[in-house]
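Have a look at the structure below, then the notes.
The values are calculated or read from the model by the stated rules, or taken from the named source; none is laboratory data. From a predicted model like this one, the values you see are computed outputs, not experimental measurements. SASA here: full protein model, heavy atoms, side chains in, ligands and nucleic acids out. Shrake-Rupley method; radii C 1.70, N 1.55, O 1.52, S 1.80 Å.
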Amino acid sequence: MSKQQALREIFGNGWFNALEPILMSEGFSRLGQFLIKERKGKRIYPENEDVLRAFKETPFETLKVVFLGLE
């Protein structure tokens, strides 16, 4: 399975399409490798299986956002 296919499976089509430039970047790959290394000797939260859970629980297509602010 290619990196692109794996990330599409993790994030879903909507999120992957919206975030593709970031997800396919070298910086995102380095972040993943850093977290793998850090988890080997430390307890890090959230648990590994829950790190990207929000993307699975909230499909991009159903996302609704309201920004509130004061001037």
Hits in segment 8-65 - residues which are of a type in the set (Asp, Glu) and within 13 Å of the chain's Cα centre (by Cα): 9, 20, 49, 50, 57
Helices (runs of 4 or more DSSP H) wholly inside the chain containing at least 3 residues that are open to solvent by less than 90 Å² (accessible area, probe 1.4 Å) and aromatic (Phe, Trp, Tyr): 3-23
